[in-house]
Amino acid sequence: MEDNFRLRSKFPLYPREAAGAVLVLLSFASGLLGVYLTMPASDYSFLKLPRTLDDLQILRDRLEGYTSDYTLQVLVGYCIVYIFMQTFMIPGTVFMSLLAGALFGVFKGVALVVFTATAGASSCYFLSKMIGRPIVFCLWPDKLIFFQAQVAKRRRRLLNYMLFLRVTPTLPNTFINFASPIVDVPYHTFFLSTVVGLIPAAFVTVRAGIALGELQSIGDLYDFQSIAALFFIGVITVTPTVMGKQRS
């Protein structure tokens, strides 16, 4: 038992768990390879995960031509990349949301972002269910204790609380995705709160992507009015939980 504990502390995943994570990673790589092989021969050196607005503008300019002629491939590639980033908690999905607005417009962009973000969050949820417990204890012990206590207190109206978390920046979405199965948030509650709760922020980001050239920094996305509006929506979602406690 002590030997197992020492091994677990040095490497938090058992070989079977690590193999499962590698299998998921290879599945995403296979999907991206399939998209690449169906695209025309060209110079794709511009294809990389955007880290700055300049990177994003270059990517937008180069992809606009492909989007009209190879719509399916661009959509599939976009979805695989977004879901991959969400699954493995890779920063930068805000740039992908901006790109959706720049390439597909507001309504299609919001639908695409909500779909991919929900699919990626679900993939992260189930990956965490398989390998997440030791990782989340190592990365976010304090946040996990807080989240677990809040979920336990709000078990009867958990959907309202999860909606509140999704709409407001109270806890990072990456943490919510990874920690939810650890603190026993049911998947149907997790899924519904993700689909509905991500719509306001997705709308703000996708709409900003249409006017990408006017953005000076990512901070311009969320001005005081946008943040206030998101918190207002969040307060509305959590109100039934508060009222229920008062009646009790």
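The values are calculated or read from the model by the stated rules, or taken from the named source; none is laboratory data. Keep in mind that what you see is a predicted model, and the values were worked out from it rather than measured. Cβ placement follows ideal geometry from the backbone for every residue including glycine, while neighbour counts extend to all protein chains displayed.
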What are the residues in segment 170-181 that are surrounded by fewer than 19 Cβ atoms within 10 Å (Cβ to Cβ) and more than 13 Å from the chain's Cα centre (by Cα), if any? 170
Are there any pairs with C-beta distances below 8 angstrom linking a residue in segment 64-87 that is in contact (Cβ under 8 Å) with a residue 60 or more places away in the chain to a residue that is assigned to a helix (DSSP H, G or I) and of a type in the set (A, V, I, L, M, F, W, C), with the two at least 6 apart or on different chains, and if so which? 86/117; 86/119; 86/121; 86/124; 87/24; 87/28; 87/124; 87/127
Mind listing whichever residues of segment 164-212 are of a type in the set (A, V, I, L, M, F, W, C) and in a loop (DSSP other than H, G, I, E, B)? 171, 182, 183, 185, 198, 211
Qualifying positions in segment 160-185 - modelled with pLDDT of 85 or more and hydrophobic (A, V, I, L, M, F, W, C): 162, 163, 164, 165, 171, 175, 176, 178, 179, 182, 183, 185
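Give the number of residues within segment 82-100 that are touching a Leu at 6+ places or on another chain (Cβ under 7 Å) and either closer than 18 Å to residue 57 by Cα or surrounded by fewer than 19 Cβ atoms within 10 Å (Cβ to Cβ) (or both). Give the steps one after another, and end with the answer.
Narrowing segment 82-100 to residues touching a Leu at 6+ places or on another chain (Cβ under 7 Å): 87, 92, 95, 98-100.
Now narrow it down to the ones that are either closer than 18 Å to residue 57 by Cα or surrounded by fewer than 19 Cβ atoms within 10 Å (Cβ to Cβ) (or both): 92, 95, 98-100.
Adding up the residues that qualify gives 5.
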Of all residues in segment 61-78, which are in contact with a Pro (Cβ under 9 Å, 6 or more places away or on another chain) and part of a helix (DSSP H, G or I)? 66, 69
Residues to consider are 149, 119; find the one that is surrounded by fewer than 22 Cβ atoms within 10 Å (Cβ to Cβ) and touching a residue at least 12 places away in the same chain (Cβ under 8 Å). 119
Looking only at residues in segment 28-64 that are polar (S, T, N, Q) and modelled with pLDDT under 85, which one is surrounded by the fewest Cβ atoms within 10 Å (Cβ to Cβ)? 45
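Say whether the condition of being farther than 24 Å from residue 23 by Cα and either assigned to a helix (DSSP H, G or I) or touching a helix residue (DSSP H, G or I) at 6+ places or on another chain (Cβ under 9 Å) (or both) is met by at least one residue in segment 113-120.
Of the residues in segment 113-120, the ones farther than 24 Å from residue 23 by Cα are 113-114.
Right, trim to either assigned to a helix (DSSP H, G or I) or touching a helix residue (DSSP H, G or I) at 6+ places or on another chain (Cβ under 9 Å) (or both) and you get 113-114.
Yes - at least one qualifying residue is present in segment 113-120.
For residue 37, indicate whether it is hydrophobic (A, V, I, L, M, F, W, C), outside any loop (DSSP other than H, G, I, E, B) and within 24 Å of residue 108 (Cα to Cα).
No.
Taking the criterion of being crowded, with 21+ Cβ neighbours inside 10 Å, in contact (Cβ under 8 Å) with a residue 60 or more places away in the chain, in contact with a Lys or Arg (Cβ under 8 Å, 6 or more places away or on another chain) and not small (Gly, Ala, Ser), would at least one residue in segment 183-194 satisfy it?
Yes, segment 183-194 has at least one match.
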